[in-house]
Structures are given as C-alpha cells and as structure tokens.
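A.B. asks: First the structure, then my questions, so here it is.
The values are calculated or read from the model by the stated rules, or taken from the named source; none is laboratory data. Quantities reported herein were computed from a predicted structural model and do not represent experimental measurements. Cβ coordinates were reconstructed from backbone atoms using ideal geometry, including for glycine residues, and neighbour counts include every protein chain displayed. What goes into the accessible areas is simple: the full protein's heavy atoms, side chains included, and nothing from ligands, DNA or RNA. Shrake-Rupley method; radii C 1.70, N 1.55, O 1.52, S 1.80 Å.
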Amino acid sequence: MSDPIRFTLDGREVEAQLGETIWEVAKRAGTLIPHLCHKDAPGYRSDGNCRACMVAIEGERTLAASCIREPASDMVVTTEGAREVQARKMVVEMLMADQPARDMAHDRSSCFWDMAGAQGVEASRFPKLEDGRIPLLDDSHVAMNVNLDACIQCNLCVRACREVQVNDVIGMAGRGHDAYPVFDMDDPMGASTCVACGECVQACPTGALMEATVTEGAGAGDSKDFDHEVDSVCPFCGVGCQVSLKVKDGRVKYVDGINGPANEGRLCVKGRFGFDYIHHPHRLTKPLIRRDDAPAKGLNVDPGNWSSHFREASWDEALDAAAAGLKGRGREVAGFGSAKCTNEEAYLFQKFIRQGFGHNNVDHCTRLCHASSVAALMENVGSGAVTATFNQIENADVAIVIGANPIENHPVAATFFKQFTKRGGTLIVMDPRGQALKRYATHMLQFRPGADVSMLNAIMHVIVEEGLYDQQYIDAYTENWEAERTHLAGFAPEDMAGVCGIDAETLRTVARAFASAKAGMIFWGMGVSQHIHGTDNSRCLISLALMTGHVGRPGTGLHPLRGQNNVQGASDAGLIPMFLPDYQPVVDDGVRSAFTELWQSDDFSNERGLTVTEIMDAVHDGDIRAMYILGENPAMSDPDVDHARAALAKLDTLVVQDIFLTETANYADVILPAS
C-alpha cells in the first residue's frame, strides 16, 4: 500500500489514499461539499460537469471540481472561502432558473433542493428557458415518469444506465442547453428497450426521473414523504440484494437499493418495482378451514372467491384443526419447507418435522434446483456452498458462465458480469441457446443440449495434454489426479466435436484461455443442474477449476447461481432429508445425539429421509397420508404436476401455510396465512 498523501483542507492537515479525490477526503473529514453530478455510491464514476463542488487550491488560478481532482502532497485546499462559495451558489442559482417551483417540483426533497438549501439559494434571478425548448413530460412507462423540465444535464442517468447497470439504453441527444437524455433513438421510455431496473431514478438528483408511485397526478412528488423505512432483502432470486422499503400509511410507496455486499445499491425491475403483491387483494390474512360441504379436492378454487370451498376461522381453531390432523401420526406425516423463508424459519420447520414426528421426511425446492450441484460440491469440495461471491469477478480475468441466463434471471449479478467485460475480461458463455449475455461474450459456445460432459471433458483433455494444469495446486489440495488424467485421455476435442457440436479449435482456445488465466471463475445455473446427469456436469466444472488452481484465491471460485432467495440458507439450516444443520449427516449417531440433547427430545430416525419427488410417490403408495407444506407450491413446481396434484388430493390432511391461495392450497384442509 502506498504512503498516504498529506495535504491541508480548510486549515487542517488531512490524509488521502492514492486514488481518492478531494471530495471523498473532505466527506471523511466531516465536510460535505455540495454536489449534483457526483453520486457517492459504488460503481459511479465522477464526471465533474456540474461544477457545483468547486474548491480553491492555493497557487492555482482557477477553481477545481473536487469530485474529480485528486490531492497532491502539501496541497492547500479551501472549501469555505468567499470565491468558491460564491461560485457554487451561482451554479445552483443558474440551474434553479429552469426548475419547476419547489412546491410543484417532481421531487421536493431531491438532492438538488437539499444542495440549494445548504447554500442558502431559494430563488433564481435568471430568466427561465423559453417555452417550446423543454421536451414534453413522458409518462409512457408503467413504473417511472420522465420529467425533463427538471433535468440539469448532469449525465448521472447515462452513467447509471451505461456504466453501472450496463444496459446502454440512455444517451444524451441535442447540443448545449438543448441537450437532454433520450432512450434508444429518442423513443418514449415505455416503448424503448429499457429493462426498468430503475437505476437512473435512484441516481437522478432533481426528480427528472421518478417512480410513478411517488409523483402525484400533476407530476409533483416528494421522495421523503414516507412514515418510515424498513431494510430488508429482496424476496425474488438468489442474488441477495438489500432493499429499503419506504412505507407510507402502512403501504410500501417505493423501494431503493441499499449498498449491500451483493448488490452495491443496484436493483432490477423485480426488486425495485415488484412489491405490489404485498398489498394484493388476494393476500391471505386470516386462517381458512375447508368446508364440510366443499366440492372434491382439485384445482378448482378461485383465489378471489374461495368461500364455496373454505370458511374463515380463528387462529386457535385453525391451529387445533391442523394439530388434530397431524398429531401422533409419525411417518404418515411429511413436510415441505421453503427457500423463501428465513434461516430461522427453515431451522424451526426441519426441527418440527424431525422432533415432532421422529423421521427425516422433510425437503424443499433445492431438490428441483441445485441439489445435483450441492451433491457434487459436497463430494469434491466438502461444502455445498459457493466458494466465492459473484462480485469477486471484479478480481478475475476469465470467467465461464454455463447453463445460466443471468441477464434475465439474475439481473443484478449480470451487471457485474457486463462490467467485467467492459474492463477487458474474457467472458466464456456456454449455452445451447443464444441468450442475452452472448452480446458481451468473448467466446460463445452453443453446444448440443445434453452434451455438457463431453464438451467439458474435451476442454480438460486439452489442459492435461498441453500441460496447462497447476501441478503445485493439485499436489497441495487435490487427490486422485492420475485417475483423472487417465480418464480424460479418451476425450480429445477432435473426437468430442461431433458429440457436443463445438469445433475442436474453439474447445482448445477456450481451454487455453481459462487455464492460463491468473484468476478464473465458473458460474452455472439450472441448465447444468436440472439434468439426469446434473451431478456429473457439476463434477466436471469443479474438476476444471481445481486442476487449474482457480479455487481459494481472490477472483477465483465456483458459484452455482441460485434460483430462489434463500435456497442456500434453507439447505444450510437442515431443510433437506439427508442432512441436519451445517450439512451434518442424519445417519451419524453422534450428530443426532448432539441435536437431541440440544432439543431435549428423543432420538429421531437414523435413516435418510425422502426427497420431494419420493414423498409424492410415497403418498401414492399410501405410506404418507398427511403433509404440512410451508411456502412451497408442488402443484405447480413438481416435475410431474399431474402426479403431484393427484397425490395432494389423496392426502387426508394437508396443512398449507402461504401468503396466497396457491395451486397447492387448492387441495388444503387448513390454510394458515404467512407473512
């Protein structure tokens, strides 16, 4: 690490690290220099175009933009002198001339009005822009409004779209004072290729881009008009984005991204705008019990009018009914937990089944998701978790993405992948489909469906044949290397090209690129795991990373991209039939003894429990007659839905706990609302 740079700021000696700007040092020292085009958030490049953050530097004739100027040793900087203060006020006053009056502002609590207030600027002496030169307001998008009468041409929305989210939808058009942000070829926002991530809205300092739920009918709004905010985690995919829910009158008004370790403030359309389900009229708020005169069980309940099948009940009555249908039935009862529950809820649910009924027949959707990946990781690495977070890609120089479509399914993770390619990283995309990430790929391998193993083995064959493996790493951290070498000898690219559909030279090029990288990562999705040979697919990827030494260092690792928001946590907490929490095997007497002592209960089964699909088979066989299903929907997600629905209809007791009357809840005897 380089020595700190010492300089004087407003009469105090301060220290800066190499690469820090005067603005950053000042903020750390307790001085907030006014700013508009600068956004103090990860991923945002300072631009210095608004000139609202000017400071004076001794010995220099002109003022400097503090957001882009780096200090030098012994520099003397002032932020509160009359010259720089007057310059900053003049910038704000000139910009204010074209703003809507504050009482009619699109965001009365925007950064612009905060900065104006901090400098005591309340009105402008300058004339307003002539009528006809301001673009019309654009409300063509369902989730966002474009109000260019408030635009100050700061370029933040362009940087948000092009550099942070890397969507390349927003650009600047026009010249001089008539330059404004446009979408694609000056299309209405709603008709453009905008993916509605909302990054531009969160970045905009004036309210020129606003959430539609914040602005009122006339376009005026206030981003601070909420009663309280709740920090949470996005409930959708497995990226784990942190969000701040702004709540007004008991309802979520809008959502911002938080600078969490996974998302660094970014969100996608689901995380930012997909919160209306919270207040949907079909949300379950009271327990329901199946009526005695209800029609036969089937997919026949209208969630908006369930009264012909169910009746409302008190919590006491519903819990008593659920307990009466489950109590004392042992192996006749099975449970499905949920990957959308918290770790604590997952832990309690697996404990409830094991302690309450004396067996391990409890599972969740990981069985239909990354179970094969977990099995391969446990077998080869010793842990079913990812070995590195996806944003470690910033330290990589080569990355493989196989069997995943992150731009659609994990959009925030995809922003890091796209930024990686813009920095010059080599991205290798392997997928039978032509998908959106292809646009950013250095190599796109559209192999034949189901030919993953042949293709990956051919790549590893090249690494062995050309001596590109990391012998030191192999000797120190792996075993069975000679057996692996012998196995791969029969997978020459020339032989496998006809099987996988990728020519031999491309396979060799990709092998060399990954093996010669200083740091390489592998990401895979359910295109790899949801296969009859999904475990073998994952084994190949793990072997590829291990033989090249790409595990355990910054910018290296294995990362199966999870589907739901807490698949990893639910598995960690023991919501799987063969493992207790922390992947401790249920067949180990010592492990079970430790848990029964902790739970102060009798021993439960030393047999591995049944999986999701096996439980459905057991229902058809008459071995399982009752179930408690928490937050899962097998009537929709099971690989054979007709088989699953027939099983659910056959149960004599089905307790479902969920936030909506799902397809599975159609078959329930007792429905408990969830939060």
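A.B. asks: Name the pairs: first residue in segment 235-254 and among the polar types (S, T, N, Q), second residue open to solvent by less than 30 Å² (accessible area, probe 1.4 Å), Cβ to Cβ under 6 Å, at least 6 apart or on different chains?
C.D. replies: So the pair list comes out as Gln242/Gly260.
A.B. asks: Under the condition of being in a helix (DSSP H, G or I), open to solvent by 10 Å² or more (accessible area, probe 1.4 Å) and not charged (D, E, K, R), which residue from segment 624-651 is farthest from Ser529 (Cα to Cα)? If you could, list the steps in order and put the result at the bottom.
C.D. replies: Step one: of segment 624-651, the residues in a helix (DSSP H, G or I) are 634-637, 641-650.
Those still in the list that are open to solvent by 10 Å² or more (accessible area, probe 1.4 Å) too: 636-637, 641-643, 645-646, 649-650.
Subset that is not charged (D, E, K, R): 636-637, 641, 643, 646, 649.
Working: Met636: 19, Ser637: 16, Val641: 20, His643: 22, Ala646: 27, Ala649: 30 Å.
Only one residue tops the list, namely Ala649.
A.B. asks: Quick check, is Arg51 in contact (Cβ under 8 Å) with a residue 40 or more places away in the chain, more than 30 Å from Phe226 (Cα to Cα), surrounded by 14 or more Cβ atoms within 10 Å (Cβ to Cβ) and among the basic types (Lys, Arg)?
C.D. replies: Spelling it out, Arg51 is indeed in contact (Cβ under 8 Å) with a residue 40 or more places away in the chain, more than 30 Å from Phe226 (Cα to Cα), surrounded by 14 or more Cβ atoms within 10 Å (Cβ to Cβ) and among the basic types (Lys, Arg).
A.B. asks: Restricting to segment 554-566, name every residue that is part of a loop (DSSP other than H, G, I, E, B) and either open to solvent by 10 Å² or more (accessible area, probe 1.4 Å) or within 21 Å of Gln530 (Cβ to Cβ) (or both).
C.D. replies: Residues satisfying the conditions are Pro554, Leu561, Arg562, Gly563, Gln564, Asn565, Asn566.
A.B. asks: Related question: Select from segment 567-616 the residues that are in a loop (DSSP other than H, G, I, E, B) and of a type in the set (Val, Ile, Thr) and write down the one among them that is most open to solvent (accessible area, probe 1.4 Å).
C.D. replies: Val587
A.B. asks: Test Phe390 against the stated conditions and say whether it is modelled with pLDDT of 95 or more and either surrounded by fewer than 19 Cβ atoms within 10 Å (Cβ to Cβ) or among the hydrophobic types (A, V, I, L, M, F, W, C) (or both).
C.D. replies: For Phe390, the condition - modelled with pLDDT of 95 or more and either surrounded by fewer than 19 Cβ atoms within 10 Å (Cβ to Cβ) or among the hydrophobic types (A, V, I, L, M, F, W, C) (or both) - is not met.
A.B. asks: OK, next. Report yes if Arg354 is at pLDDT 90 or above and outside any loop (DSSP other than H, G, I, E, B), otherwise no.
C.D. replies: yes
A.B. asks: Further question: Out of segment 293-320, which residues are surrounded by fewer than 19 Cβ atoms within 10 Å (Cβ to Cβ) and either touching a strand residue (DSSP E or B) at 6+ places or on another chain (Cβ under 9 Å) or under 30 Å from Glu211 (Cβ atoms) (or both)?
C.D. replies: Selection gives Ala294, Pro303, Gly304, Ser308, Arg311, Glu312, Ala313, Trp315, Glu317, Leu319.
A.B. asks: State which residue pairs qualify: first residue of a type in the set (A, V, I, L, M, F, W, C) and modelled with pLDDT under 95 and inside segment 292-307, second residue part of a loop (DSSP other than H, G, I, E, B) and open to solvent by 70 Å² or more (accessible area, probe 1.4 Å) in any location, beta carbons under 8 Å apart, and separation of 6 or more residues or different chains.
C.D. replies: That search, which allows pairs on different chains as well, returns nothing.
A.B. asks: Follow-up question, since we're still on this one. I need the helices (runs of 4 or more DSSP H) fully contained in segment 462-542, keeping only those with at least 1 residues that are more than 27 Å from the chain's Cα centre (by Cα).
C.D. replies: Per the criteria, 471-477, 481-488, 493-500, 504-515.
A.B. asks: Report, by residue number, each residue of segment 425-435 that is buried (at least 16 other Cβ atoms within 10 Å of the Cβ) and over 14 Å from Phe514 (Cα atoms).
C.D. replies: Residues satisfying the conditions are Asp431, Pro432, Gln435.
A.B. asks: Okay, moving on. Where residues in segment 419-442 are at pLDDT 95 or above and of a type in the set (S, T, N, Q), which of them is nearest to the chain's Cα centre (by Cα)?
C.D. replies: Gln419
A.B. asks: Do we find a residue being on the phi > 0 side of the Ramachandran plot, under 24 Å from the mean Cα position of the chain (by Cα) and in contact (Cβ under 8 Å) with a residue 24 or more places away in the chain anywhere in segment 401-413?
C.D. replies: yes
A.B. asks: Within segment 75-91, is there a residue that is open to solvent by 60 Å² or more (accessible area, probe 1.4 Å), within 23 Å of Asp114 (Cβ to Cβ) and in contact (Cβ under 8 Å) with a residue 60 or more places away in the chain?
C.D. replies: Yes: segment 75-91 contains one or more residues that are open to solvent by 60 Å² or more (accessible area, probe 1.4 Å), within 23 Å of Asp114 (Cβ to Cβ) and in contact (Cβ under 8 Å) with a residue 60 or more places away in the chain.
A.B. asks: Now a separate question. Given the residues Asp47, Asp3, Asp10, which is the only one that is of a type in the set (D, E, K, R), within 30 Å of Met144 (Cα to Cα) and out of contact with any Phe, Trp or Tyr (no Cβ under 8 Å at 6 or more places or on another chain)?
C.D. replies: Result: Asp47 is the single residue among Asp47, Asp3, Asp10 that is of a type in the set (D, E, K, R), within 30 Å of Met144 (Cα to Cα) and out of contact with any Phe, Trp or Tyr (no Cβ under 8 Å at 6 or more places or on another chain).
A.B. asks: Being buried (at least 21 other Cβ atoms within 10 Å of the Cβ), β-branched (Val, Ile, Thr) and modelled with pLDDT of 95 or more narrows it down to one of Ile22, Ile68, Ile57, so name that one. Step through it out loud before you land on a result.
C.D. replies: Numbers: Ile68 fails: buried (at least 21 other Cβ atoms within 10 Å of the Cβ); Ile57 fails: buried (at least 21 other Cβ atoms within 10 Å of the Cβ).
Selected residue: Ile22, the only one of Ile22, Ile68, Ile57 that is buried (at least 21 other Cβ atoms within 10 Å of the Cβ), β-branched (Val, Ile, Thr) and modelled with pLDDT of 95 or more.
A.B. asks: While we're here: Considering only segment 505-532, state which residues are touching a residue at least 24 places away in the same chain (Cβ under 8 Å) and farther than 24 Å from His410 by Cα. Steps first, please.
C.D. replies: Kept after step one, since they are touching a residue at least 24 places away in the same chain (Cβ under 8 Å), are these residues of segment 505-532: 506-531.
Thr506, Leu507, Arg508, Thr509, Val510, Ala511, Arg512, Ala513, Ala515, Ser516, Ala517, Lys518, listed by residue number.
A.B. asks: Quick one: is Arg331 open to solvent by 60 Å² or more (accessible area, probe 1.4 Å), outside any strand (DSSP E or B) and either under 30 Å from Glu614 (Cβ atoms) or at pLDDT 95 or above (or both)?
C.D. replies: Here the answer is yes, as Arg331 does meet what is asked.
A.B. asks: Here's a follow-up. Output yes when any residue across segment 652-674 is in a loop (DSSP other than H, G, I, E, B), small (Gly, Ala, Ser), touching a Cys at 6+ places or on another chain (Cβ under 9 Å) and surrounded by fewer than 18 Cβ atoms within 10 Å (Cβ to Cβ), and no when none is. Spell out the reasoning first.
C.D. replies: Step one: list which residues in segment 652-674 are in a loop (DSSP other than H, G, I, E, B), which gives 652, 659-664, 668-669, 674.
Restricting the remaining residues to those that are small (Gly, Ala, Ser) gives 668, 674.
Retained after the next criterion (residues that are touching a Cys at 6+ places or on another chain (Cβ under 9 Å)): 674.
Those still in the list that are surrounded by fewer than 18 Cβ atoms within 10 Å (Cβ to Cβ) too: 674.
Within segment 652-674, one or more residues are in a loop (DSSP other than H, G, I, E, B), small (Gly, Ala, Ser), touching a Cys at 6+ places or on another chain (Cβ under 9 Å) and surrounded by fewer than 18 Cβ atoms within 10 Å (Cβ to Cβ).
A.B. asks: Does at least one position in segment 25-40 carry a residue that is within 30 Å of Lys418 (Cα to Cα), open to solvent by 40 Å² or more (accessible area, probe 1.4 Å) and touching a Ser or Thr at 6+ places or on another chain (Cβ under 8 Å)?
C.D. replies: Checked segment 25-40: no residue is within 30 Å of Lys418 (Cα to Cα), open to solvent by 40 Å² or more (accessible area, probe 1.4 Å) and touching a Ser or Thr at 6+ places or on another chain (Cβ under 8 Å).
A.B. asks: Which condition number does Val551 fail, the rest of (1) modelled with pLDDT under 95; (2) surrounded by 15 or more Cβ atoms within 10 Å (Cβ to Cβ); (3) part of a loop (DSSP other than H, G, I, E, B); (4) over 22 Å from the mean Cα position of the chain (by Cα) being met?
C.D. replies: Of the numbered conditions (1) modelled with pLDDT under 95; (2) surrounded by 15 or more Cβ atoms within 10 Å (Cβ to Cβ); (3) part of a loop (DSSP other than H, G, I, E, B); (4) over 22 Å from the mean Cα position of the chain (by Cα), the odd one out for Val551 is (1).
A.B. asks: For the structure I just gave you, tell me whether Cys237 is closer than 24 Å to Pro560 by Cβ and out of contact with any strand residue (DSSP E or B) (no Cβ under 6 Å at 6 or more places or on another chain).
C.D. replies: So Cys237 passes the test.
A.B. asks: Something else now. With the structure loaded, tell me whether Arg508 is in contact with an Asp or Glu (Cβ under 9 Å, 6 or more places away or on another chain), among the charged types (D, E, K, R), surrounded by fewer than 16 Cβ atoms within 10 Å (Cβ to Cβ) and under 21 Å from Gln446 (Cβ atoms) or whether it fails that test.
C.D. replies: So Arg508 does not fit the description; no.
A.B. asks: Answer yes or no: is there a residue in segment 609-632 that is charged (D, E, K, R), in contact with a helix residue (DSSP H, G or I) (Cβ under 8 Å, 6 or more places away or on another chain), within 16 Å of Leu575 (Cβ to Cβ) and touching a residue at least 12 places away in the same chain (Cβ under 8 Å).
C.D. replies: Scanning segment 609-632 turns up at least one residue that is charged (D, E, K, R), in contact with a helix residue (DSSP H, G or I) (Cβ under 8 Å, 6 or more places away or on another chain), within 16 Å of Leu575 (Cβ to Cβ) and touching a residue at least 12 places away in the same chain (Cβ under 8 Å).
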